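Contents: one structure, followed by commentary.
The values are calculated or read from the model by the stated rules, or taken from the named source; none is laboratory data. The model shown is predicted, which means the values in this text are computed figures rather than measured ones. For neighbour counting, all protein chains shown are included, and Cβ atoms are generated from backbone atoms with ideal geometry for every residue, glycine included. Note: accessible area is taken over every heavy atom of the protein model, side chains too, but ligands, DNA and RNA are not part of it. Shrake-Rupley method; radii C 1.70, N 1.55, O 1.52, S 1.80 Å.
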Amino acid sequence: MAGSLIDDLRATLGTAAVLTDPDLLRGYQRDEADLCESAPPSVVVRPRSTAEVVEVVRLAAAHGVPVVPQGARTGLAGGANTSEGALVLATSAMDRILEIDPVNRIAVLQPGVVNATLAAEVAKHGLRYPPDPGSWESSTIGGNVSTNAGGMCCVKYGVTTEYVLGLEVVLASGEVLRTGRRTAKGVAGYDLTRLFVGSEGTLGVITEITVSLRPAPEESLTMVAVFPSIATAGAAVAEISAQGLSPSLLELLDQTHLRAIEAYRPMGLRTDARALLLAAVDTGSRAPADLAQLAAACTATGADEVFTATDPVEAAALLQARRLAHPAMERFAAEAFPAGNGGLFLDDVAVPRSRLAALLDGIERIAAEEEVLIGVVGHAGDGNMHPLIVVDRADPVSMARSQRAFDAIMELALALGGTCTGEHGVGLLKRDWLAREIGPVGVRVHQAIKAALDPTGLFNPGKVI
């Protein structure tokens, strides 16, 4: 990279906001997706304002250096991975909540605000920001918006895009675009806000976000149902949906995950269970009756045991166990093979709720055919599963089998009327599968939008499409 660009960046942002030390650069090389290609960037910049982002984008464009926007790098599809020579635009220093408006139930914030921080601040006003990805204690709202992140409460409250009212975005030209509104209703023009939500940093750099808030939830009750098979648990989910029940949370963990979590942080989980459903309702005075209906549906479809959390502390512990699923499986994979060569092919498919049991059956069949271990966890209530394929990085045979299993799961999900990604995004991991899902016309439309907004391919090249 030309020294003049580094000098210009330092003159604009100050020396402390421009990182060039090789050891530091390696820390910005990739997100948490395993087995996705990456290379150290040439420079990392940490702007503090929209005006500084504008200057960074203009300088990068003038020097022909690609820009990779990054949040907290908690993504799971390689969407934040860098290539050699790239400039990382890290939004972590843009971490201010600019406004909380309790009357209109909105908040305005910079992209570097951590999800849990926003949740804590709006709770002081009796409000809630519902999207809650598993990484909510470290992931940023900007990253959540860029990937259209989901979470455990999506079954009732929906994903990130349903809460984003407006955006401020720096385009490849250096111009600043404002989209959306602050009003509860509004249909003026194309919905440009939703265009940028989920675009994974390929169309512009998000510098300000206006989100809608909800009243704090009523009293919540939690239950666990233990099943003799993962497919039986899937049938219970279908029955819950068929009855029109509305849990605020409905999560599935298979035996592999239960054992990995218990080994990672012992808490007395039923490791002999083949599958476990974790459910909750937040309907206040109706919660006991609503939870009883969920329990009855689980029992009717073959649950071995159903029990209710006796207090909020026990309920929080169960929820925390679910949030530990990914780090627990990372440790499990690392310890499964010599010299820590274990890794994970992490999938993220979603199917209609009525096809969930078929998906789970198919994943078990694929694991047996390819002779690989696949742990399954996910948001059962909305059909979004995360099969994790355990792989030995040092063994070409293991790598080949895992890749075949990954592809087979993707093909199965599409055949069941599903999608290649329910919440993690496309990134590097699923570019080919996105093309298969949306077809040649869809690919051309995506490419046309990218060319219109970023004609030189400045932003996050090689990702999504």
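Values as computed for the structure displayed
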{"read-out": "Local electrostatic count at ALA225 - Lys and Arg +1, Asp and Glu -1, tallied over other residues with Cβ under 10 Å", "value": "-2"}
{"read-out": "Spin-label pair ALA368/LEU192, simplified geometry with 7 Å Cα→Cβ offset, distance in nm", "value": "5.4"}
{"read-out": "Cβ-placed point charges (K, R +1; D, E -1), dipole of the range 373-414 about Cα centre in debye, nearest 20", "value": "100"}
{"read-out": "The range 47-96, accessible area per residue, ligands and nucleic acids excluded (1.4 Å, Å²)", "value": "33"}
{"read-out": "Within the chain, helix-based [θ] at 222 nm, where runs of 4 or more DSSP H residues each add -39,500 (n - 2.57), nearest 500", "value": "-11500 deg cm²/dmol"}
{"read-out": "Cα-Cα pairs of the range 324-465 separated by more than 20 Å (percent)", "value": "52"}
{"read-out": "Convex hull volume per residue for the range 339-395, taking Cα atoms only, in Å³", "value": "67"}
{"read-out": "Separation in nanometres of the label points that stand 7 Å from Cα toward Cβ, at ARG265 and ILE449", "value": "3.7"}
{"read-out": "Cα-Cα over 31 Å, subset of LYS124/LYS450; LYS156/LYS185; LYS185/LYS463", "value": "LYS124/LYS450; LYS185/LYS463"}
{"read-out": "Percent carbon-and-sulfur accessible area, the chain, ignoring ligands, DNA and RNA, probe 1.4 Å", "value": "53"}
{"read-out": "Phi to ³J(HN,Hα) by Karplus 6.51 cos²θ - 1.76 cosθ + 1.60 over the range 9-23, Hz, x for Gly, Pro", "value": "5, 5, 5, 7, 9, x, 4, 5, 8, 10, 9, 10, 5, x, 5"}
{"read-out": "Rounded accessible area per residue of the range 101-258, 1.4 Å, Å²", "value": "36"}
{"read-out": "Cα-centre dipole for the chain with unit charges at Cβ (Lys and Arg positive, Asp and Glu negative), debye to 20", "value": "980"}
{"read-out": "Protection proxy ranking, peptides 202-214, 405-417, 329-341, 308-320, average beta carbon neighbours within 10 Å, highest first", "value": "202-214, 405-417, 329-341, 308-320"}
{"read-out": "Long-range HN-HN contacts of LEU165 with modeled amide H, under 5 Å", "value": "THR210, VAL211, SER212"}
{"read-out": "For the range 41-164, convex hull of alpha carbons as volume per residue, Å³", "value": "104"}
{"read-out": "Electrostatic dipole magnitude of the range 11-83 [Cβ: Lys, Arg +1; Asp, Glu -1; Cα centre; debye, to 20]", "value": "200"}
{"read-out": "Low-density loop cleavage sites - trypsin sites (Lys or Arg not before Pro) in the range 85-192, where at most 11 other Cβ are within 10 Å (DSSP)", "value": "LYS124, LYS185"}
{"read-out": "Dipole-positive endmost among LEU319, GLY342, PHE332 within the range 314-356 (Cβ charges, Cα centre)", "value": "LEU319"}
{"read-out": "Which of SER139, PRO66, VAL377, positive extreme of dipole for the chain (C-beta unit charges)", "value": "PRO66"}
{"read-out": "In degrees, nearest ten, helix 287-300 long axis to first principal axis of the chain (Cα)", "value": "70"}
{"read-out": "Stokes-Einstein translational diffusion, the range 277-404 - Kirkwood Rh over all Cα pairs, 0.890 mPa s, 25 °C, in µm²/s", "value": "146"}
{"read-out": "Per residue, the convex hull volume that the Cα atoms of the range 399-465 enclose (Å³)", "value": "101"}
{"read-out": "Solvent exposure of the range 385-437 as accessible area per residue, Å², 1.4 Å probe", "value": "38"}
{"read-out": "Prolate/oblate/rounded label for the range 204-304 (Cα gyration tensor, a/c 1.5)", "value": "oblate"}
{"read-out": "Identified option (computed volume of the Cα convex hull per residue in Å³; candidates (i) 149; (ii) 573; (iii) 203)", "value": "(i)"}
